[in-house]
Structure formats: structure tokens, C-alpha cells
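The values are calculated or read from the model by the stated rules, or taken from the named source; none is laboratory data. Just so it is clear, the model here is predicted, and its values are computed rather than measured. Neighbour counts run over all protein chains shown; Cβ positions are idealised from the backbone, glycine included.
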Amino acid sequence: MTVPSVVSAMTIAGSDSGGGAGIQADLKTFAAHRVHGLSAIAALTAQHTRGVTAVNVPPMDFLRAQLDACFEDFEIRAVKLGMLATAEVIGTVVEALVRHRPDTVVVDPVMVATSGARLLENSALEAMRRQLLPLADVLTPNLPEAELLLGRTIPDAQAMRDAARDLLALGAHAVFLKGGHLPGDGDVVDLFADAEGVAETAHPRLALEAHGTGCTLASAIAARRAQGMAMKEACLAASDYVHAGLRGGYRPGRSDILVLDHFGAAPV
């Protein structure tokens with residue numbers, strides 16, 4: 001049998017018809033990192049830079065067929081999970097991950113869109129906690145997502161450090177907690193936590209609103225892991241990549257929301 005000559009990573013997430021987030025952002029990120037990108041569409045969204053107007057979840061047989069087709073033909077080094085809108089979707093994806101055992105699973109717990117639209121059914125939250133987080137080699141929530149997972153507010157930097165440790169206790173092997181929603185004018189601080197402790201990385205806060213940052217971060221981690229980088233270094237490098245993409249961001253729609261410049265931020 002032919003041995004694959006290129007590194008592959010897979011995204012299991014929602015499709016963004018506006019091209020700024022979801023599957024589309026993930027595949028751009030994989031390409032910018034020179035990783036072959038695969039995809040299984042777990043949801044179809046009608047959206048643009050101003051919001052989400054409709055969501056359609058495919059039949060589970062079709063989602064399962066996408067997953068099996070990719071795992072049967074490609075050597076998948078890392079899997080990035082994004083929008084998994086229902087408990088049924090989560091169960092289908094978990095079953096595939098347990099069966100195929102990819103080396104790295106990056107879980108971006110997508111729950112609420114930038115526009116404020118809820119992208120996760122209430123019944124799916126417990127399924128995420130109970131079934132998905134124990135499979136996560138790294139969990140990459142923003143603060144609102146971490147608050148939903150933990151059932152409490154995260155008002156300051158110390159609470160953020162406590163939250164990172166408590167998210168580990170839910171079963172994830174590592175956590176990269178994004179601090180962009182923390183109030184203040186200072187640097188944006190993100191935290192990496194694993195069994196060895198907590199480390200932080202900081203970037204200057206940019207006066208802008210952007211779309212697809214969480215998707216891009218998680219897929220950049222997956223790409224780096226597919227290339228063999230250690231988890232902590234992959235997370236820190238992915239944070240740098242997102243910041244560079246934001247600095248080069250552009251406005252393709254009629255709102256003020258930026259889309260990241262994936263290829264201008266590409267690692268050399």
C-alpha cells in the first residue's frame with residue numbers, strides 16, 4: 001500500500017457560507033501551514049459577517065460516511081473539532097474518534113457565534129462535558145465558553161487561572177484558555193495549562209472586531225501538532241499566528257467585522 005507523502009489534518013465542524021470561520025477558516029489555516037486539509041461537515045450555516053441566519057444539521061449517516069471516508073484513505077495526524085450543535089452529532093463524532101484513534105484531538109467548544117447566535121443546543125452541553133472533553137488532547141475555549149462549561153463567571157485574571165485548572169479536571173489533557181473577553185485595555189493574555197502547570201502568552205490588544213479567531217487558533221494548533229510540534233509550543237505558535245492574521249485582517253463584507261489574513265500570517 002502507498003505510504004502518504006504529505007501530512008494531513010482534519011476538521012469536523014460547521015460550514016460558514018461567508019468564508020470567515022468554521023470549515024472555511026480551518027482549511028485556509030491548514031493550507032497556510034502546508035498541511036493537507038480534510039473536512040467532515042457537521043453543520044451547514046447560512047451566515048455572513050453580520051450574523052448567522054440559519055443552521056442545518058446533516059443526517060448522521062452522512063456525517064458518519066464523511067468521517068469514515070477520510071479515515072479510510074488518509075493518515076490523519078490531528079483532528080480539530082468545531083461546531084457540533086447537538087448531542088447526536090457529538091455522539092456520532094465521539095464514536096468515530098474512539099474507533100479511529102487519531103494522534104491528536106483539538107476541541108474548540110463552539111457555543112455562541114460572534115454575532116451572539118447560540119450554536120449549541122442545551123442538551124448538547126452535557127454531552128460535550130461527559131463524552132467529548134475526556135477525548136480532548138487540548139481544549140481551546142474563550143471565556144464565555146469556559147463559563148458555560150464550568151457554570152460560573154470568570155471575571156478576572158486569577159479566576160481565569162482557576163478556570164484553566166478546573167477545565168483540566170473535566171477531563172481534557174491540556175487547556176488553552178483565550179483571554180480576549182477579559183475587560184481592560186492591557187495586553188490580551190492566553191493561558192496554557194496541563195499537568196505540569198500553567199503558562200501564559202500575551203499580545204497587544206487590537207482595537208477591532210474579528211470573525212473566525214477561535215476556529216483559526218484551534219486549526220493552527222492541529223496543523224502544528226500534525227507536523228510534530230509539542231502541544232505547549234503548538235498552542236503558543238498558534239496564538240502568534242492568530243495575532244498576525246488579525247493585524248493583516250480585512251473587511252470583505254458590509255459590517256466592520258474583520259476576517260483574518262491566513263496566508264499573510266503563514267509561518268515561513
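A few notes on this one:
- Top-ranked residue in the range 126-141 [being hydrophobic (A, V, I, L, M, F, W, C) and more than 12 Å from the chain's Cα centre (by Cα); ranked as farthest from Asp166 (Cα to Cα)]: Ala127
- Filter result for Ala40 (free of Cβ contacts under 8 Å to residues at least 60 places away in the same chain, among the small types (Gly, Ala, Ser), crowded, with 23+ Cβ neighbours inside 10 Å and closer than 16 Å to Val110 by Cβ): yes
- Matching residues in the range 215-249 - criterion: being in contact with a strand residue (DSSP E or B) (Cβ under 6 Å, 6 or more places away or on another chain) and not hydrophobic (A, V, I, L, M, F, W, C): Ser219, Arg225, Lys232, Ser239, His243, Gly249
- Residue within the range 247-254 that is in contact (Cβ under 8 Å) with a residue 12 or more places away in the chain, of a type outside the set (Lys, Arg) and in a helix (DSSP H, G or I) present: no
- The residues of the range 223-238 that are of a type in the set (A, V, I, L, M, F, W, C), farther than 20 Å from Gly179 by Cβ and over 14 Å from the mean Cα position of the chain (by Cα), listed by number, are Ala226, Met229, Ala230.
- Identity of the residue in the range 176-203, modelled with pLDDT of 95 or more and either among the aromatic types (Phe, Trp, Tyr) or not in a strand (DSSP E or B) (or both), that ends up nearest to Ile41 (Cα to Cα): Phe176
- Number of the condition not met by Ile23 [criteria: (1) surrounded by fewer than 24 Cβ atoms within 10 Å (Cβ to Cβ); (2) at pLDDT 95 or above; (3) of a type outside the set (Lys, Arg)]: (1)
- The single condition from (1) surrounded by fewer than 18 Cβ atoms within 10 Å (Cβ to Cβ); (2) modelled with pLDDT of 95 or more; (3) touching a Leu at 6+ places or on another chain (Cβ under 9 Å) that Asp103 fails is (3).
- Checked against (1) crowded, with 17+ Cβ neighbours inside 10 Å; (2) in contact with a strand residue (DSSP E or B) (Cβ under 7 Å, 6 or more places away or on another chain); (3) part of a helix (DSSP H, G or I), Leu149 passes all but a single condition, namely (2).
- Verdict on Arg161 being among the charged types (D, E, K, R) and more than 25 Å from Leu125 (Cβ to Cβ): no
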